[in-house]
Every structure is written in structure tokens, then in C-alpha cells.
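Participant: After the C-alpha cells below, expect a handful of questions from me.
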Amino acid sequence: QVQLVESGGGLVQAGGSLRLSCVASGITFSRYAMGWFRQAPGKEREFVAGFSWTSTYAESAKGRFTISRNNAKNTVYLQMNSLKPEDTAVYYCAAREMLRSEYAAWGQGTQVTVSS
């Protein structure tokens, strides 16, 4: 059974930084692409960053966020710098098999709140 557990969310002032972590279990981690998504109140969930063989980013994340992974620890990270109030959302970790396009497993989410 796949389980993804996020941590690292919290309240931060604009311009600050947070690092989110997501620990995966129940999968062969190195065979999975990992992604971060977010959902703000009243909005649809959106892609933030992904890491398969390379990293990809939403335009809103480029230059401020960095996704990385440690296969030995079954963990994916999202380093978020220069945070803005519009980054406020619940952030979700997700996993998909490398050759598939859909993310099949999701974490429970961690709240990130950026105050102005």
C-alpha cells in the first residue's frame, strides 16, 4: 500500500522560506516520478513541480522553488524561497510510475500560509 506523508508546512511571512518533505512507503521509490501540487481556497489543484529524470516547474515556481529527491531516504523535498501571499495553499505530494502520465498516489497535504 502506497503511503505519502508530507511535513514542513506552516506560517511564514512574505519573503520567507519553507522546505516541505514527503516520505514515501510501499513503493520502489526510485521507479517513481514525484510531484508537488497545491490547492488554494476556491481554486483547482495545480501542478507546482515534478521530478522524474529531470525537474520541471510551473511558471509561478520557477526561480523560487526547488524540487529534489533522496532515493536512499524515499523522500522528495520542495524548497520554497521568496514566498508570496499567493503561494498560500495546501501542498500535496504525489507519485506516478515513471512511464505513466497520471499521478496515482497522493499525500494528505500540508498547509502553507504566507502572510503579507
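The values are calculated or read from the model by the stated rules, or taken from the named source; none is laboratory data. Here the structure is a predicted model, which is why all the values come from computation and not from measurement. So basically every Cβ, Gly included, is an ideal-geometry build from the backbone, and we count neighbours across all protein chains shown. Surface accessibility is based on the protein's heavy atoms, side chains included, excluding ligands, DNA and RNA. Shrake-Rupley method; radii C 1.70, N 1.55, O 1.52, S 1.80 Å.
Participant: May I ask you to verify whether residue 44 is outside any helix (DSSP H, G or I) and open to solvent by 80 Å² or more (accessible area, probe 1.4 Å)?
Facilitator: yes
Participant: For residue 38, only one of the following conditions fails: (1) farther than 24 Å from residue 14 by Cα; (2) in a strand (DSSP E or B); (3) within 12 Å of the chain's Cα centre (by Cα). What is its number?
Facilitator: Checking residue 38 against (1) farther than 24 Å from residue 14 by Cα; (2) in a strand (DSSP E or B); (3) within 12 Å of the chain's Cα centre (by Cα), the one that fails is (1).
Participant: Would you please name the residue that is least open to solvent (accessible area, probe 1.4 Å), looking only at residues in region 82-95 that are assigned to a loop (DSSP other than H, G, I, E, B) and at negative phi?
Facilitator: Going through region 82-95, the residues assigned to a loop (DSSP other than H, G, I, E, B) turn out to be 82-84, 88.
This time we only want the ones that are at negative phi, so: 83-84, 88.
Numbers: 83: 3, 84: 84, 88: 35 Å².
Across region 82-95, the extreme among qualifying residues is 83.
Participant: Considering (1) under 16 Å from residue 8 (Cα atoms); (2) open to solvent by less than 40 Å² (accessible area, probe 1.4 Å); (3) touching a Lys or Arg at 6+ places or on another chain (Cβ under 9 Å), say which one residue 98 fails and leave the rest.
Facilitator: (1)
Participant: List pairs: first residue in region 85-114 and of a type outside the set (Ser, Thr, Tyr), second residue assigned to a helix (DSSP H, G or I) anywhere in the structure, Cβ distance under 8 angstrom, at least six positions apart or on different chains.
Facilitator: Matching pairs, first to second residue: 97/31; 98/31; 112/87; 114/85; 114/86; 114/87.
Participant: Could you list, in sequence order, the residues of region 18-27 that are open to solvent by less than 70 Å² (accessible area, probe 1.4 Å), at pLDDT 95 or above and out of contact with any Ser or Thr (no Cβ under 8 Å at 6 or more places or on another chain)?
Facilitator: 18, 25, 26
Participant: Sticking with this one: Anything in region 47-81 that is open to solvent by 60 Å² or more (accessible area, probe 1.4 Å) and without any contact (Cβ under 8 Å) to a residue 40 or more places away in the chain? List them, or say none.
Facilitator: 47, 54, 56, 59, 62, 63, 66, 72, listed by residue number.
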